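Written below as structure tokens is the structure these notes are about.
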Amino acid sequence: MRETHRQEFREFCDSVTQELVSASIQRENRVGWVSLKPTDGVGFELHSGYSLYEGSLGIAVYLAAYADVTGDERAETAARQAVAPWMEASPPLASFSNVGVMVGVGAVCYALVRVGVHLSDPSYVDKAIEVVRAVNHSRVRDGRTDVNFGTAGLLLAITGLLQQRPKAPVRSVGRSAVESLLTSGVKPSPDQLAWTTVRDDPTAGFAHGVDGIAYALGRWAAVTSDDRARDAALAGCRFSDSWLAKSVDPTGQQEVVSWEAWCWGRPGVALARAGLNDVLGDSHPWLANQAKIYASQMGDTPKPEDCLCHGTFGDIALQCEFGATIAETYRESARELAINAVKRATTAGQLRLPNERVESVARPSLLLGIAGAGYATLRLLAPERVPSVLNLSV
Ligand SMILES: [Zn+2]
């Protein structure tokens, strides 16, 4: 990477951090953020939440990573204050109706582990263990299955926790999650497994689709040597391959994947497949091959928004991942895309985010706001210290 890019990337991350610290709302020793959410196409509602996706937990992960890379004390303090409610003797877990890793108990676990690792403070990881142990097994079984909101997301958070703390007493909750996924799956054919998430029928995809669930099962299998979870992961991939093959049916009989992003579409599938190939080793060479094919179908149409979930910085983060797992050329594309986006945002004085027309209101969040743009850029600066958040690495 040319030095000039490093400097521009660093300045961009500095400005994102400055904006997040300025926009934070202080109350005693805690901080929070608000953003505007569209309601009915014309109105907005004030949103202030805890989630990793759109709330303070996601912002805390960015700030902790930034503090780790730069040594910035304001960012460290804000990160600690943002997760302070979860460090209480009785964290407010009842406020979550989900267990997912973007929205739910899994988000608390993932964010605490990441803050603990970045700030070299094991008390956050200790608390993450407590949070997972407090999850009622029936909640794991009776809720949704997808990564963002459901059981697969909790499983990813637990697996990340075990990677940091192999002896953490959380395996029984993980086994419950696996059992729940194994029993709630449907079998479209004898060698396939699929889950219905937010649509009427199972679909491919990372955040809400079968691929994210398969990836979660595969990562668990790699950490625990659970062959049933591994086989279920592979069966999920087989479903997804056949679903994606049908979804480009030129007769138009099947629904075409509507978004080409992390949340929906082939780039998310490629991310899941590359991640599975990484954790399951070379025993299933078709995984690497499929990752390559789906990544190559990503397309180069510029995204209208800049968010990490389905915008320009999402493309940057995905290409950064593909550069590490699929082919080196993606790394250079990620840097080019990033320098152009950073220059454009610097010139315009803002990113293109949902609701950008509402002046003076920041979108601070990780998946839809400036924290995510900062995160993807920070990862380009220090990939060894800033893991991929889109595949929930720790
Ligand atoms: Zn999205």
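The values are calculated or read from the model by the stated rules, or taken from the named source; none is laboratory data. Remember, it's a predicted structure, so these values are computed and weren't measured experimentally. Every residue, glycine as well, gets a Cβ built from its backbone with ideal geometry; the counts of neighbours run over all protein chains shown.
When residue 170 is tested against (1) buried (at least 18 other Cβ atoms within 10 Å of the Cβ); (2) touching a residue at least 60 places away in the same chain (Cβ under 8 Å), just one condition goes unmet, and that condition is (2). Of all residues in segment 363-385, those satisfying the criterion of being surrounded by 24 or more Cβ atoms within 10 Å (Cβ to Cβ) and part of a loop (DSSP other than H, G, I, E, B) are 363, 364, 365, 366, 367, 368, 369.
Note on segment 144-179: residues that are among the hydroxyl-bearing types (Ser, Thr, Tyr), closer than 21 Å to residue 199 by Cβ and in contact with a His (Cβ under 9 Å, 6 or more places away or on another chain) total 0. Considering (1) more than 16 Å from the ligand (Cβ to nearest atom); (2) more than 22 Å from residue 78 (Cβ to Cβ); (3) surrounded by fewer than 16 Cβ atoms within 10 Å (Cβ to Cβ), the lone condition that residue 320 does not fulfil carries the number (3). Here are the criteria: (1) under 30 Å from residue 224 (Cα atoms); (2) among the aromatic types (Phe, Trp, Tyr); (3) more than 16 Å from the ligand (Cβ to nearest atom). Tell me which single one residue 264 does not satisfy. Exception for residue 264: condition (3). For the condition at pLDDT 95 or above, within 19 Å of residue 393 (Cβ to Cβ), in contact with a helix residue (DSSP H, G or I) (Cβ under 8 Å, 6 or more places away or on another chain) and away from the ligand (no atom under 15 Å from the Cβ), residue 372 does not qualify. Restricting attention to segment 196-215 and to residues that are among the hydrophobic types (A, V, I, L, M, F, W, C) and within 14 Å of the ligand (Cβ to nearest atom), the residue that is farthest from residue 228 (Cα to Cα) turns out to be 198. Checking 236, 209, 205 one by one, the residue that is in contact with an Asp or Glu (Cβ under 8 Å, 6 or more places away or on another chain) and on the phi > 0 side of the Ramachandran plot is 205 and no other.
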